[in-house]
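J.: Quick one: the structure is below, and I'll ask about it shortly.
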Amino acid sequence: MKPNREFIQDALASVIVDPRTRALYELCFMHRHHFQDDIVADKLRMMVRVCVEQGLLVNDFSAELVAHRLGRSGIDRWFASLATAEHLDLALVFELHKRVMDVFSDLPEMQARSLAAKYLHYHFPELFYIYDAGLETAAFDLGEGECGYLARAEHDPIYGAFFSCCRKLADKLAPLAGHRLSPRELDLILRAWRDRTMTRSTQSSDHALAA
């Protein structure tokens, strides 16, 4: 089954951002630089709480240690390159994700991938798609197959494929939404589709057990 206009509109109706998430967007907007470790640590702690609320546990994570690493990683130069680019350079997007993911390398790979995507999304909400394994499954389900990403050794191929699929979905679903979907809006749709799929799977299992 494919999503229809009603499903898209219902998913987008939940676009009202809760106060904590709104505060995180504002904090990242006001403090995009990494001059003060304490502010960076505050951003990281808030993001980890968002991860936990969305079902992604982040194990043995020290916000203070990672804030110190980020401040000395060259991330402000990477951010400046992205902010001043005349057009969206996907190679730069994927490179930046991989660099931030490497800063989180003490975490398991999937957690590092997801946290890096979230960190970049909250600083550049119009450019980066939020990643987790459930959203990846929903994106490929809605994308109905190959998303056309050519993996490069210096980038993370899983996030690259997910990102490419999301860009295609933003165009594909635009007629149903009435506009091209932002990464935040597509995140809402993917979560709604994931929840719908899980609910139907549970109902099918219950019916099979009852039969």
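The values are calculated or read from the model by the stated rules, or taken from the named source; none is laboratory data. Bear in mind the structure is a predicted one, so any value in this text is a computation, not a measurement. Here Cβ is always computed from backbone atoms with ideal geometry, including for glycine, and neighbour counts include all displayed protein chains.
J.: Do we have any residue at all in the range 139-158 that's modelled with pLDDT of 90 or more and of a type in the set (Gly, Ala, Ser)?
T.: Yes, the range 139-158 contains at least one residue that is modelled with pLDDT of 90 or more and of a type in the set (Gly, Ala, Ser).
J.: Given the condition in a loop (DSSP other than H, G, I, E, B), buried (at least 19 other Cβ atoms within 10 Å of the Cβ) and not aliphatic (A, V, I, L, M), answer yes or no: does some residue in the range 40-57 qualify?
T.: no
J.: Exactly one condition in (1) at positive phi; (2) modelled with pLDDT of 90 or more is false for Met110; which is it?
T.: (1)
J.: Could you tell me whether the range 7-30 includes any residue that is among the acidic types (Asp, Glu) and closer than 23 Å to Cys166 by Cβ?
T.: Within the range 7-30, the subset among the acidic types (Asp, Glu) is 10, 18, 26.
Restricting the remaining residues to those that are closer than 23 Å to Cys166 by Cβ gives 10, 18.
Yes; the residues of the range 7-30 include at least one that is among the acidic types (Asp, Glu) and closer than 23 Å to Cys166 by Cβ.
J.: For the range 16-23, check the following and say yes or no: at least one residue is of a type outside the set (Val, Ile, Thr) and closer than 25 Å to Thr197 by Cα.
T.: Yes, the range 16-23 contains at least one residue that is of a type outside the set (Val, Ile, Thr) and closer than 25 Å to Thr197 by Cα.
J.: Which pairs have Cβ atoms under 6 Å, sit 6 or more apart or on different chains, and link a residue in the range 1-12 that is at pLDDT 85 or above to one that is surrounded by 10 or more Cβ atoms within 10 Å (Cβ to Cβ) and among the β-branched types (Val, Ile, Thr)?
T.: Partner pairs satisfying both residue conditions: Ala11/Ile189.
J.: Are there any pairs, at least 6 apart or on different chains, whose C-beta atoms fall under 8 Å, with the first in the range 41-53 and more than 13 Å from Leu65 (Cα to Cα) and outside the structural domain of Leu27 (by TED's automatic domain parsing) and the second small (Gly, Ala, Ser) and surrounded by fewer than 18 Cβ atoms within 10 Å (Cβ to Cβ), and if so, which?
T.: none
J.: Looking only at the range 49-97, which residues are modelled with pLDDT of 90 or more, of a type in the set (Val, Ile, Thr) and under 17 Å from the mean Cα position of the chain (by Cα)?
T.: Val93
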